[in-house]
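J.: Below is the structure I would like to discuss, written out as structure tokens.
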Amino acid sequence: MIFLKFALLLKIFEMINITFPDKQVRQYNEGTTALDIAKSISEGLARNVLAAKVDGEVWDATRPINKDASIELLTWDSNEGKSTMWHSSAHLMAEALEEFYPGVKFGIGPPIENGFYYDIGLGDKQFSSDDFKEIEYKMLELARQSNKYIRKEVSKADAINYFKEKGDEYKLDLLEGLEDGCITFYTQGNFTDLCRGPHIPDTGFIKAVKLMSVAGAYWRGDEKKKQLTRIYGITFPKQKELTDYLTLLEEAKKRDHRKLGKELELFTFSEKVGMGLPLWLPKGAALREKLESFLRKAQVKAGYQPVVTPHIGSKDLYVTSGHYEKYGADSFQPIKTPAEGEEFFLKPMNCPHHCEIYKTKPRSYKDLPVRFAEFGTVYRYEQHGELHGLTRVRGFTQDDAHLFCRPDQVKEEFCKVIDLVLYVFNALGFTDYTAQISLRDKVDRTKYIGTDENWNKAEQSIIEAAAEKGLKTVVEYGEAAFYGPKLDFMVRDAIGRKWQLGTIQVDYNLPERFELEYTGADNQKHRPVMIHRAPFGSMERFVAVLIEHCAGKFPLWLTPEQVGILPISDKYIDYALKVQEMLKNSDIRGFVDDRSEKIGKKIRDTELKKVPYMLILGEKEEADGTVSVRKQGDAEHGDKGAMPISAFADLINMEVKERLESF
């Protein structure tokens, strides 16, 4: 009996080792929580901890830790902290909805990039934006109660009985796919939900609430199933942060590429042509061609060889590449020909075609690297509800290149591609970016193809290349593609939003599938390493992001119209046309506003078109052979005064040259 008590006493004081991000190790009692650990450091820290990353997995801050572990405390400043609070906010909204709509059924309520949503079934009842206020007030009232989020493991049978009694068909549907022994409930206040978590310690962290929109959503994304009501919302730990966010949204509306694209006559869509298939108007096509020409010129200097491939390919091509297995069922369906059994697909990727180009002749280790580049249009089916301007379309053009190299060349090629990506960003005014290094899962290596030796080399090459180029990086384990590690560039635009632009990916899969080879120095056959690379990503999405980043005021070298030539009356139109022709000879793009309007209106209209420079022409300018120059958006120094046409041309070309340094 004494021995048993002594053993229990030892158990109570059994210690575990907790490793912090700075590699410092401290000992704590078994069963301690992340919140306990935070309190041991400082009460101020504990008041801000929303969750914790335990051995790489995000946990509740109140969940007991029973073994040695690495830990990272998560606050609102981290993406995982925000995501946890928004997940908990979805549960809080659900609790508020139950008070106003007894019997409401709940689908899923995940966090998203900015906020959260919950899909709900209201039966015959209606819900609209008119109902937002009362739900917001109720959420804040419940939040002030500081109810704890309590995690409970339940058996599958108990979970089924609970939701049968509640009459929630959607939760029962979700339970069908869950295994017994891994099911958890979370309860806060009077609301209990089927959920794997994690959640914040209590509702008191939620200080500001805003419901954003309401829409329809099919259960499980299946158009054949019931349509639910999807309510979007967002919360913050301070009211000021919500106010700032709403201000940012207003600015984002002004910068919306769909709005500016129409106003600046860049692109349009037509239902007759088809949803998600953009039509580039003359000014948009000019901008796009300028971007393509800019990158082509840099690529030629970097040793790329241009190739062109068709918009369709044989079904067998995509079976070989694996794209048919991955995209076939959810993509555009096969194109059949009069020949029996012959099927083609709209091209979903350029890489299989480039593999076939590589195979057109024998390759030696001395020939590598080989770099093929193409502005190739690809087609992928997106559901109607997922289409969004130029950022989500069904047909888009990738600035695609594929590099075939030896394993010992991977690092050097990565460095060269990074140089190219940074050249693009600099020329277009993207200065705030982070490179995400996506590596294999530390533990589970079963889903990756290729040898450990090659993976280790490739991962180390990416890490070293990013370090040598001085990139600000984050490392994400488990985010690598199954065929190789990658480097993604995450860019912040002018109003702080984050976009993924530019990617570099190592691929061991396609060389294997297509049996690509080169003859090594040992006279044996070897597989090349394939690198996918796209600085723009897709032309459509990149242009959308660029429009919103610069609010339609494109860099001078890129803008479709660099100069608006404004005669003050009709009698100076001939001189205006002469000026236009002289500027054209200096590769300067401009237009003449020959409308019979007052000069004030012409100036205002030209400013609305976001044209960088205006030339005002009247009697004195014609007599002296000069132009009066005004620069868009420069209130203090916008009036540049009169100057000869040649001097203005030199001014423009010098400004372009300074921005576009040679690659």
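J.: Give me the count of lysine pairs in segment 281-376 whose alpha carbons sit under 23 angstrom apart, restricted to pairs 8 or more positions apart or on different chains.
T.: Taking the Cα cut-off of 23 Å, the pair count is 11.
J.: Taking one equal scatterer on every alpha-carbon of segment 180-268, how large is log10 of I(q)/I(0) by Debye at q = 0.14, 0.21, 0.26 1/Å?
T.: Treating every Cα as an identical point scatterer, log10 I(q)/I(0) equals -0.87, -1.14, -1.17.
J.: Using only alpha-carbon positions, what ratio does the radius of gyration of segment 1-139 give when scaled by 2.2 N^0.38 Å?
T.: Taking the Cα Rg and dividing by 2.2 N^0.38 Å, one obtains 1.43.
J.: On the protein heavy atoms, probe 1.4 angstrom, tell me the percent of accessible surface of segment 313-388 carried by carbon and sulfur.
T.: After summing per-atom areas, the C and S share lands at 51 percent.
J.: Any idea what the relative contact order of the chain is, in percent, if you count C-alpha pairs under 8 Å spaced at least 6 apart?
T.: This gives 8 percent for the chain.
J.: Right, next: Please list the radius of gyration and Dmax for segment 284-330, considering alpha-carbon atoms only, with Å as the unit.
T.: When restricted to the Cα atoms of segment 284-330, Rg and Dmax are 16.0, 41 Å.
J.: With a 1.4 Å probe and all protein chains left in place, how much accessible area per residue does the chain have, in Å²?
T.: Here the per-residue accessible area is 50 Å².
J.: Straight-line reach from Lys148: which lysines have Cα under 16 Å away, leaving out those fewer than 8 places along the same chain?
T.: Lys207
J.: Given an 8 Å cut-off on Cα distances and at least 6 residues of separation, report the relative contact order of segment 463-612 as a percent.
T.: 16 percent
J.: Evaluate the chain: find the radius of gyration of its Cα atoms, find its Kirkwood radius, and give the ratio Rg to Rh.
T.: Result: Rg/Rh = 1.02.
J.: Taking the Cα atoms only, what angle lies between the long axis of helix 132-143 and the longest principal axis of the chain, rounded to 10 degrees?
T.: Between helix and principal axis, roughly 40 degrees.
J.: Please give the direction-averaged projected area of the C-alpha convex hull for segment 104-245, in square nanometres with one decimal.
T.: With every direction weighted equally, the projected area is 9.1 nm².
J.: Viscosity 0.692 mPa s, temperature 37 °C: Stokes-Einstein D of segment 314-404 from its Kirkwood Cα radius, in µm² per second?
T.: 219 µm²/s
J.: A follow-up question, please. How large is log10 of I(q)/I(0) for segment 320-461 at q = 0.11, 0.15 Å⁻¹ when the intensity is taken from the Debye formula with one equal scatterer per alpha-carbon?
T.: Debye intensities relative to I(0), on a log10 scale: -0.64, -1.17.
J.: Write down, largest first, the equivalent ellipsoid semi-axes of segment 399-550 in whole Å, where each equals the square root of 5 times an eigenvalue of the alpha-carbon gyration tensor.
T.: 29, 17, 14
J.: Oh, and also: Starting from segment 234-325, pick out the GluC sites (Glu not before Pro) whose DSSP state is loop and whose Cβ has at most 12 other Cβ atoms within 10 Å.
T.: Answer by residue number: Glu271.
J.: Considering only protein heavy atoms and a probe of 1.4 Å, how much of the accessible area of segment 168-238 is carbon and sulfur, as a whole percent?
T.: 43 percent
J.: Do any of Lys238/Lys486; Lys105/Lys133; Lys411/Lys447 go past 27 Å between their Cα atoms, and which?
T.: Exceeds cut-off: Lys238/Lys486.
J.: Can you give the Rg to Rh ratio for segment 395-471, taking only C-alpha atoms and Rh from Kirkwood?
T.: We get a ratio of 1.01 for segment 395-471.
J.: Moving on. So what are the radius of gyration and Dmax for the Cα set of segment 482-532, in Å?
T.: Rg, Dmax (Cα atoms, Å): 16.8, 56.
J.: A follow-up question, please. Using just the Cα positions, wrap segment 252-295 in a convex hull and report its mean projected area in square nanometres, one decimal place.
T.: Value for segment 252-295: 3.9 nm².
J.: Enter the angle in degrees (range 0 to 90, nearest 10) between the Cα long axis of helix 573-584 and the first principal axis of the Cα atoms of the chain, meaning the one along which they spread out most.
T.: 70 degrees
J.: Measure nothing but the geometry: give the 0 to 90° angle between the long axis through the Cα atoms of 452-468 and the longest principal axis through the Cα atoms of the chain, rounded to 10°.
T.: For 452-468 against the chain, the angle is about 60 degrees.
J.: Could you work out the relative contact order of segment 433-545? I mean the mean sequence separation of Cα pairs under 8 Å and 6+ apart, divided by the number of residues, in percent.
T.: After rounding, I find 26 percent.
J.: Also, I was wondering about something else. On the principal axes of its Cα set, how long, how wide and how thick is segment 560-663? Give whole Å, largest value first.
T.: Sorted from largest, the Cα extents of segment 560-663 read 45, 26, 24 Å.
J.: Show which aspartates and glutamates lie in cross-link reach of Lys571 when reach means a straight Cα distance below 20 angstrom and same-chain residues fewer than eight apart are skipped.
T.: Glu581, Asp593, Asp594, Glu597, Glu619, Glu621, Glu622, Asp624
J.: Follow-up question, since we're still on this one. Can you give me the P(r) profile for segment 503-637? Cα pairs, bins 10 angstrom wide beginning at 0, each as a whole percent.
T.: Distribution as computed: 11, 28, 20, 11, 10, 10, 8, 2 percent.
J.: What do you get for Rg/Rh over segment 235-364 if you use C-alpha atoms and the Kirkwood form of Rh?
T.: 1.12
J.: If you roll a 1.4 angstrom probe over the protein chains with everything in place, what fraction of the accessible area of segment 481-627 belongs to carbon and sulfur, to the nearest %?
T.: 46 percent
The values are calculated or read from the model by the stated rules, or taken from the named source; none is laboratory data. Please read all numbers here as calculations on a predicted model, not as lab measurements. Backbone-built Cβ (ideal geometry, glycine too); neighbour counts: all protein chains shown. Heads up: the accessible areas ignore ligands, DNA and RNA and are worked out on the full protein's heavy atoms, side chains in. Shrake-Rupley method; radii C 1.70, N 1.55, O 1.52, S 1.80 Å.
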